[in-house]
Amino acid sequence: MNREKLSYGRGYPDLHDHIENLRAADLLYEIDCLINKDTELMPLVRWQFRGGISEAQRKAFLFNNITDSRGRDYTIPLVVGALATTPEIYGVGMGVPVSKIGEHWGQALASPIPPVEVNEAVCQELFFEGNRLNGEGNGLDALPVPLSTPGFDVAPYLTATSCISRDPETGIQNMGTYRGGIKASNRIGLKMFVNLRQGGHSHWSKYKQQGKKMPMAIIVGCPPALAYVSPQKVRENVDEISVAGALAGSPIRVVKAKTIDLLVPADAEIVIEGLVDTNMLEPEGPFGESHGHINLEEFNFIFEVTAITRRRNAIMTSIISQVTPSESSVIKRVAMEPKFLHHLKEHIGIKGLKHVSLHEPLTNIRRLAFLIFERGVPSTEVWRALYSAAHFDSACGKFVIAVNEDINPAQGDAVFWALAYRANPALDVEILKHRDRGHGPALERGDGEDTTMLINATLKTDMPPIALPTKNFMEDAKELWEKLGLPALKPESPWHGYSLGDWSQEWSEMGQRAADGAYMENGRRSAQLRKKDVFPNTSIRDVGQDLKDE
Ligand SMILES: Cc1cc2nc3c(=O)[nH]c(=O)nc-3n(C[C@H](O)[C@H](O)[C@H](O)COP(=O)(O)O)c2cc1C
């Protein structure tokens, strides 16, 4: 999508514009039939991730007609998967092609654009406080918040949140995506991970010391740039709204919240204003977590709603998370991979590193990282990268595997291939102790600590070529295959042979000769090279035959 071609009054798309862009790009399913948000809605979207549908075919879902298990209908539509069901959808939201997402993130982090304050805001067209928040059908109970994991989750959960709080010492605001379980029409059970050092939790600790409740605004539905920043770790004391401004290419408009002292995005859909108790905690969960297991019931934060403001035509957003791949893993991966690569190349100065790939299906992007190197990088450099990758992020890189560019880490078979032929466990594996257990179910063993495994599965020496016909033969055969009308091919790497360094010009010529039908000439050559005094299986090069390297 060409950013220049888009013209929005405010300088950036809001959620309505974004949905229009998805519709125009044929990346949206619109579901108009009545759907139960407690039992049907998320299981339906889940099939998109567990039904053998390729990533490229995934779309966002807009539900226009929602009911619940109490038989109540909702006036607000709900969109799921609109932010990051695929990198392409993410690119539409950010207004850049997928290949530019990393670069765009780098620029935004380097040059944030502070927000601009406005007096009137569409997010405050409707204002509910006091009694209008109480009881069934009011307050939070009027919002179509879906049950994410029916059968396990104990409440409808807000997942696509941007939770804004302010540091009471510096005055700088933080914005993070934290889940919120609906407890009552005016109460939310909020989870802020302590071991992930969430900005909201660090503010909460300061308010607690001061003996005050923490003001917080939970934004649900907003311009995509804000939604993309919320789940990312940004340097402490950087206002994430200004990073969103840089992603959007224009200052984000903010307005004073109605009942608390915070600035909230003026173009948001729904703003839930409230106070987080710093004295008491309340049991929260079970809830299906992004690490793919159910987070069991634990004491978490109590958010008391002071007001809800919203657009008259608000659209509610939900992110589908839990077992990966999911929208939750895509939204993190597309930004984390380039950030990880940037760190290793620019801060650590690793040479020859081409990509970082975080494994997504079932493992949830953090635990298994691949470093993809060009050929010929010295082992010491590969190891420097492996050690550095293990410490980039406390939750990231439990297993870090270095491979060469011909290995596609998204293909498990290719990874096993590299481990099988390019790594010697006694020489190429290191185990490091004392790793934080990261994001996952509690560990019962090893005092709760985890361990890191580093594997260098790159080529250390030249190897003979891959034993498949060379590229020209395979390409010609593909044309023939298609002309014959045989079933459609989905080429899997490696689909042609190529040199891994140990090969000679003479063998190439002999191969070509055989393909040209002149194999007997090769036979005449070998007859001339006959020897008496050699053991069977001796390499021709070990008896002084001079073969020029290719
Ligand atoms: C869909 C989704 C749900 C998330 N839920 C939570 C959560 O419940 N609690 C939490 O602490 N982090 C959660 N995260 C991760 C945080 O958003 C992420 O760590 C972010 O960096 C936190 O922002 P902060 O660093 O400004 O605190 C979630 C991320 C996504 C994408």
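Bear in mind these aren't lab numbers, they're just calculated from the coordinates by the rules spelled out. Every value quoted in this text rests on a predicted model; they were computed, and no experiment measured them. Cβ sites come from the backbone with ideal geometry, for glycine too, and all protein chains shown count toward neighbours.
Protection proxy ranking for 222-231, 502-511, using the average of other Cβ atoms within 10 Å per residue and placing the highest first: 222-231, 502-511. Spin-label pair residue 474-residue 347: with each label point 7 Å from Cα along the Cα-Cβ axis, the two points sit 3.8 nm from one another.
Restricting the calculation to Cα atoms, the range 285-327 yields a radius of gyration followed by a Dmax of 14.7, 37 Å.
If packing is taken as the average count of other Cβ atoms within 10 Å, what order do 11-24, 328-341 fall into, highest mean first?
On the way: 11-24: 19.7, 328-341: 22.9.
Result, highest mean first: 328-341, 11-24.
Extension gain, residue 116 to residue 463: 0.36 nm times the residue separation minus the Cα-Cα distance gives 119.0 nm.
Inter-part distance, the range 93-117 to the range 499-514, computed on C-alpha centroids, equals 48 Å.
Expressed as cubic angstrom per residue, what is the convex hull volume of the alpha carbon set of the range 3-318?
Once divided by residue count, the hull of the range 3-318 is 130 Å³.
Per-residue extension of 0.36 nm, minus the Cα-Cα distance of residue 383 and residue 518, leaves a gain of 43.9 nm for this segment.
For the range 178-277, the set of trypsin sites (Lys or Arg not before Pro) satisfying both a DSSP loop assignment and a count of at most 11 other C-beta atoms within 10 Å is given as 235.
With the cut-off at 20 Å, tell me which of the pairs 191/256; 37/183; 233/339; 183/212; 59/398 have Cα atoms farther apart than that. List each step's numbers first, then the result.
Details: 191/256 25 Å; 37/183 17 Å; 233/339 10 Å; 183/212 22 Å; 59/398 31 Å.
Going by Cα-Cα distance, 191/256; 183/212; 59/398 fall outside the 20 Å limit.
Residue separation of residue 488 and residue 44 scaled by 0.36 nm, minus their Cα-Cα distance, works out to 157.0 nm of gained length.
Computed packing ranks the peptides 470-483, 389-402, 278-291, 43-56 as 389-402, 278-291, 43-56, 470-483, most packed first, by mean other Cβ atoms within 10 Å. May I ask for the Rg/Rh ratio of the chain, computed from Cα atoms with Rh as the Kirkwood radius, given to two decimals? Result for the chain is an Rg/Rh of 1.07. The range 42-112 gives an Rg/Rh value of 1.12, both radii derived from C-alpha positions and Rh following Kirkwood.
In the range 348-456, the DSSP beta bridges split such that about 50 percent are antiparallel, to the nearest 5. Taking the DSSP bridge list for the chain and keeping only pairs wholly inside it, about 75 percent are antiparallel. In units of the rule-of-thumb radius 2.2 N^0.38 Å, the range 137-214 shows an alpha carbon radius of gyration of 1.23.
Relative to the dominant Cα principal axis of the chain, helix 519-528 is inclined by about 60°. The angle between the Cα long axis of helix 199-209 and the longest principal axis of the Cα atoms of the chain comes to about 40 degrees, rounded to the nearest 10. Summed over qualifying helices (DSSP H, 4 residues or more, each -39500 (n - 2.57)) and divided by its residue number, the chain shows a 222 nm mean residue ellipticity of -7500 deg cm²/dmol. Determine which residues of the range 298-318 fall in the zone a paramagnetic label at residue 279 would reach in this model, i.e. backbone nitrogen under 18 Å from the point 7 Å along Cα→Cβ. Flagged as within label range: 300-306.
Taking amide H as placed 1.01 Å from N in the peptide plane, residue 437 has its amide H under 5 Å from the amide H of 450, each at least 5 places away in sequence or on another chain. Between 0 and 90 degrees, the angle of helix 379-390 with respect to the longest Cα principal axis of the chain falls at about 20 degrees. Remark: C-alpha extents of the range 348-456 on the principal axes read 41, 27, 26 Å, sorted largest to smallest.
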